[in-house]
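I have placed the structure first, in the form of C-alpha cells, so that the comments after it can refer back to it.
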Amino acid sequence: MTQVIERGTPLPAPQRAGGRRRSPAAAACVLGGAMAAGLGLGFLAVLVIVLWISSPYPDSGPGGALHLAAGLWLLAHGTDLVRYETLSGVPAPVGMTPLLLVALPVLLMRRAARLGSACGDGSDGDEVLPASAVFSAVTCGYLAVGSLATVYAAGGPMPADPLSAAWHVPLVAVLAAAGGVWVAKGRPLGPLPEWVPKGVRRAVARPRYALALRSGAAGALVLLGGGVLLVGASLAWHGAEAQGTFLTLTGVWSGRFAVLLLALALIPNAMVWGAAYALGPGFALGAGATATPLGFEGSAALPLPQFPLLSALPPQGPGSPVTWAVGVIPVAAGLAVGWFAVRRAREVSYGETALTAGLGSTVCGLLMAGLAGAASGPMGSRELARFGPVWWQTGGAAAAWTLAVAVPLAVAVHAWRNRPAAGTGDEWHAPGTRERRWDTLRRAAGAPLVPDRAPVAAPAPVPVPVAGPAPVPPVRPQPQPNPVPVPEPGPEPEPDPVPTPIPDPVPATPVAPPVLPVSGARVLSRRRPPL
C-alpha cells in the first residue's frame, strides 16, 4: 500500500535529513558548558562553606559565604574584585589572580568541549555537529552562567568589576573551549583558511615556525624552573621568618588551612616572580619599591601584608654576588632555545638556523610577558597599586637574554652537526683522489685488482663521399682463351679389404645412483612379509 504524503505535510522525525533523526546534540553542548561553570562554582562554594562552618568567628551568614565563592570564581578568570571594607574607606581593587586557581575553570571547560564534540559523532543516527557549532554552543552555555555569577557576586563583600568580568571570563572560556574542541578533533594541524593571504599561509607552513614554538616553550620552561628553584631556596633560607608569619596570622586551624591553600594557589605566581627577578627587571612591591638582583630599596616604608611567601623576599640594600649569580638562569634558558632551534638537516643554511633561534627567542619573550601580566595585579589603591612584575619589561628581558645566547649557540651546534667526518669530506671527491686510492689498493694487494688494458688505437677516419653522381668507368671486352682438352681418368684399382678388429667383451658393471646425505631421517625397521 503506497503512503501518500500531501504537500506541506512535515515528514516524520525518522525520515528527516536523509533518514536520520534529529538529536539534541546542540542542546547537550550548551548544557555541558553550563554544567562546567556550575561545577566550578559548586567546588568553590563547598570549600568556602566548609571554612565558614569551621571558623569560630564567622563575619557573615551563609549568604555572604556564597557571594564570596562567586567572587572567587570570577577571580579565577582574572577578573578584578573590589574590596569596600578598608581602613581608609577608599575602595581597594584586588587583581592578584592565583594562577593555580585558573586551572579549575580551564580544565572543566576543556572537558565540556571534548564531551560536546563526542556527543554528535553520527552514531545511532544522530546528526554530526561541526567543530564551530560545538565551540559556539559550549561557550554560550558557560557565558550564560558566568553572567549570572557576576550579577550574584555584586551583592557580596567583594563584588566583581563589571568591565573586567566582561572580557576576562569570555577570554578564558574561548581559549579553553577552543583547546578542548581541537583535542577532540585529533589535534589537526592543517593549512590555514583560504581567506588568509597566500604569502602568510606559505610562510607559516615552513618548519622553522614549529621549531621556534618548541624552542621558545623550552626556554620559558627553563625560566620557570629556575624561578621555582630560586623561590624554594629563598624560603629555605628564610624558613624561620616564614614559619613565624604563618603562625601569627591566625590561631585556629581553619584559618591556617585557608592560608595554606592560598599559599599553594600562589606558587605559580611565585615562579613567575622568581623568573622575572632572575631576568633583571625584578618585581614591584608598591610605589617606588622594586626588587632586582642589583638591589632592593624602598621596602621599609611600605605596608607589606604579612604572608609566608613574602618572607622569602631578598634583603633590603644593594645586590651581592649571591644575587648576581641568578643570571645563570636566563643563560640556561638561552642555551635551551639555541639547542632546540637546530634542525637535523644538511640543506639548512646558517642564516635559516639563526633566524629560527631568533624567532624562538621572540616566542619565549611573548610567553614570559603573558605570564608576568597574569601573575601580577593591584592589591590596593595607593602604595600597593603595583604588585608584581611588569609584563613588558619581563618579556623584553627574556627575549634579549635568549637572543644573545641562542643565536651563536644554534649556529655553532649546526656547524658541529654538519661537520665532515674524519678522513672523509670534500677531498674525498676531489680530482685525482680516486686514482690514488686505487693505486694504494693495488700495491697493498700485490697484484692488480683490475688488469690494465692496452690502449686501442683509434680507427682511421673514413672519407665521406660527396653527394652527387659518381663517374662510371668504361667497360673494355676481355679476349677469351682457347680451350685445352683434358684426358679422362681411367678406373682406379680397388684396395684389398682390411678386417675390422672385434673388441673383447667388457662385463657391464651396474652403476649405483649417488646417495645424497640426509640429515634428520628416520630409519624404519624392515618387516617380514607374511607367510
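The values are calculated or read from the model by the stated rules, or taken from the named source; none is laboratory data. Values in this document were obtained by computation on a predicted structure and should not be read as measured data. Counting neighbours? That spans all protein chains shown, and the Cβs are built from the backbone with ideal geometry, glycine included. What goes into the accessible areas is simple: the full protein's heavy atoms, side chains included, and nothing from ligands, DNA or RNA. Shrake-Rupley method; radii C 1.70, N 1.55, O 1.52, S 1.80 Å.
Some notes on this structure:
- Annotation: of all residues in region 381-412 being surrounded by fewer than 20 Cβ atoms within 10 Å (Cβ to Cβ) and of a type in the set (Gly, Ala, Ser), the one that is farthest from residue 281 (Cα to Cα) is 412.
- Taken residue by residue, region 336-353 has at least one member that is in contact with a Gly (Cβ under 8 Å, 6 or more places away or on another chain) and over 26 Å from residue 292 (Cβ atoms).
- Residues (assigned to a helix (DSSP H, G or I) and either without any contact (Cβ under 8 Å) to a residue 60 or more places away in the chain or open to solvent by less than 30 Å² (accessible area, probe 1.4 Å) (or both)) located in region 48-65: 48, 49, 50, 52, 53, 62, 63, 64, 65
- Conditions (1) in contact with a Phe, Trp or Tyr (Cβ under 8 Å, 6 or more places away or on another chain); (2) within 28 Å of residue 285 (Cα to Cα); (3) part of a loop (DSSP other than H, G, I, E, B): number failed by residue 104: (3)
- Candidates 230, 261, 247: the one that is open to solvent by 70 Å² or more (accessible area, probe 1.4 Å) and aliphatic (A, V, I, L, M) is 247.
- Residue within region 359-374 that is more than 13 Å from residue 275 (Cα to Cα), surrounded by fewer than 20 Cβ atoms within 10 Å (Cβ to Cβ), at pLDDT below 90 and among the hydroxyl-bearing types (Ser, Thr, Tyr) present: no
- Residue that is modelled with the lowest pLDDT [pool: residues in region 120-138 that are open to solvent by 30 Å² or more (accessible area, probe 1.4 Å) and within 28 Å of the chain's Cα centre (by Cα)]: 121
- Matching strands (runs of 3 or more DSSP E) fully within region 267-375 where at least 3 residues are more than 29 Å from residue 214 (Cβ to Cβ) and not basic (Lys, Arg): 290-292, 295-297
- Which numbered condition residue 211 fails, given (1) in contact (Cβ under 8 Å) with a residue 60 or more places away in the chain; (2) farther than 30 Å from residue 62 by Cα; (3) exposed (fewer than 14 other Cβ atoms within 10 Å of the Cβ): (3)
- Among the residues listed as 173, 184, the single one being closer than 30 Å to residue 67 by Cβ, crowded, with 18+ Cβ neighbours inside 10 Å and in contact with a Ser or Thr (Cβ under 7 Å, 6 or more places away or on another chain): 173
- Boolean, residue 171 is part of a helix (DSSP H, G or I), over 22 Å from residue 360 (Cα atoms) and modelled with pLDDT of 90 or more: yes
Okay, residues lined up against (1) among the acidic types (Asp, Glu); (2) over 27 Å from the mean Cα position of the chain (by Cα); (3) open to solvent by less than 30 Å² (accessible area, probe 1.4 Å):
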| residue | (1), (2), (3) |
| --- | --- |
| 69 | no, yes, yes |
| 77 | no, no, yes |
| 80 | yes, yes, no |
| 90 | no, yes, no |
| 94 | no, yes, yes |
| 99 | no, no, no |
| 104 | no, no, no |
| 107 | no, no, no |
